[in-house]
1. Say the cut-off is 27 Å between C-alpha atoms; which of Lys4/Lys144; Lys5/Lys158; Lys4/Lys153 go over it?
2. Between beta-carbons, use under 13 Å as the cut-off and find the net charge around Val54, counting Lys and Arg +1, Asp and Glu -1.
3. What list do you get for Val54, Val7, Val17 if you sort them by fewest beta carbons within 10 Å?
4. Under a crude label model (7 Å from the Cα following the beta-carbon direction), how far is Asp2 from Glu66 in nanometres?
5. Show me, for the range 51-60, the HN-Hα J-couplings you get by feeding each phi into the Karplus relation (A = 6.51, B = -1.76, C = 1.60, θ = phi - 60°), rounded to Hz, glycine and proline as x.
6. Between Arg20 and Gln50, how many nm apart are label points set 7 Å from Cα along the C-beta direction?
7. Near Leu135, within a Cβ-to-Cβ distance under 14 Å, what is the net charge of the other residues, with Lys and Arg +1 and Asp and Glu -1?
8. Along Cα→Cβ, 7 Å out, is where each label goes; now give me the distance between the ones at Leu11 and Ser162 in nm to one decimal.
Amino acid sequence: MDDKKLVDDFLSTRSEVRFRSLYRRHSPGLYQSIWRLVRGNETEAGELLQATWVRALERLESFRWESSLRSWLVGVAYNCFRESLRNESRMVAVDALEIDNLSVKASGKFDTASAIDLERALCRLPDGYREVFLLHDLEGFTHKEIGAKLNIKEGTSKSQLSRARNALRVFLTEGGYTGP
């Protein structure tokens, strides 16, 4: 059964069976995205996954199917993450010059680094850079979509992605990865 049919069935019946089907289908990917956002904190990832589903269920009737359900759920997850940062006053102010002044020591692609090295490097990124990197390079969103989801300009998304990639190259080089 496709997502639209499953959602329509759930909305008309509020069946726990239909909800569990949606949950099982989308939670593994959502959890992985959230886990990266929270730098591998399993407790926080689990809490945000639940918050995402609560928020999604509240707004599911208004979902317009202009994107896939997965894309919409990832957007809900990112909004819950950002809200949790605001609520906990954990927003980290990042001096953009700090990243701009880093010298890139490796020109190789970082996507061939081991998964552990990449996860560690991702954890070191400032929240905004990490969000854009994950949404663009791992989730496949366009800069326009990222801008809409994160309430930033498309150009800001592009510059944060560029800075994130440069920082990742530096972090991976510092960790001993020399690239292809």
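A short reminder: the numbers here are calculations on the coordinates, not readings from a lab. Just so we're clear, the structure is a prediction, and the values are computed from it rather than from any experiment. Backbone-built Cβ (ideal geometry, glycine too); neighbour counts: all protein chains shown.
1. Lys5/Lys158; Lys4/Lys153
2. Combined, the nearby Lys, Arg, Asp and Glu give -1.
3. Going from sparsest to densest Cβ surroundings: Val17, Val54, Val7.
4. 2.0 nm
5. Rounded to whole hertz, the list is 4, 4, 5, 4, 5, 4, 5, 5, 10, 4.
6. 1.9 nm
7. For residues surrounding Leu135, the net value is +2.
8. 4.1 nm
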